[in-house]
Amino acid sequence: MPSVFVSESHVPTLVVDVMPKAELLDPQGKAVHGALSRLGHSAVSSVRIGKRFEITVDEVTDEVIADVTKVAGEILSNSVIEDVVSVREANER
């Protein structure tokens, strides 16, 4: 069987995480929590479902991070019901 070649080159990527505002109900999260409970996963106390965007950029600079943060607040999220919770490099945790 041929081996799969995985490139080691670094592609600068920013990750944007968007979550529903804490004070709002999360019907998708509640549905997943209910399913987990029915399947016997009683250790899970709650689930909230959000969005993750991976944005490839030419390079990561403070200016690029600020620009992506602005885009996240204006385009990638609905500020009425969602919060941008993080903008970070993909290799950061």
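We did not get these values from a lab; they are worked out from the coordinates using the rules stated. Computed from a predicted structure; not experimentally measured. With ideal geometry, Cβ positions are generated from the backbone for all residues, glycine too; neighbour counts draw on all protein chains shown.
Numbers for the structure displayed
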read-out: In order through segment 24-38: 3J(HN,Hα) via Karplus (6.51 cos²θ - 1.76 cosθ + 1.60), integer Hz, x for Gly, Pro; value: 9, 5, 10, x, 5, x, 5, 5, 5, 4, x, 5, 4, 4, 5
read-out: Dipole-positive endmost among V44, A66, S79 within segment 13-89 (Cβ charges, Cα centre); value: V44
read-out: Set of lysines near K70 by C-alpha distance (under 22 Å), chain-local residues within fewer than 8 positions excluded; value: K21, K51
read-out: For a label point 7 Å along the Cα-to-beta-carbon line of A90, residues of segment 42-61 with backbone N under 19 Å; value: 51-61
read-out: Three-way shape call for segment 41-93 based on the alpha-carbon gyration tensor, with the a/c threshold at 1.5; value: oblate
read-out: Cα centre as origin, Lys/Arg/Asp/Glu Cβ charges: segment 13-89 dipole, Debye; value: 740 debye
read-out: Net charge contributed by nearby residues that have their C-beta within less than 11 Å of K21 (K/R +1, D/E -1); value: -3
read-out: Estimated 222 nm signal from helices in the chain, with DSSP H stretches of n ≥ 4 weighted -39500 (n - 2.57), rounded to 500; value: -7000 deg cm²/dmol
read-out: Anisotropy class of the chain from Cα gyration tensor, a/c 1.5 cut; value: oblate
read-out: Neighbourhood net charge (12 Å Cβ-Cβ; Lys/Arg +1, Asp/Glu -1) for I65; value: -4
read-out: Long-range amide H partners of S86 with built H, under 5 Å; value: D17
read-out: Computed FRET value (nearest 0.05) for V11 with V47, which takes r as the C-beta separation and R₀ as 30 Å; value: 0.45
read-out: Degrees separating the helix 62-71 axis from the principal Cα axis of the chain, which is the longest one; value: 40 degrees
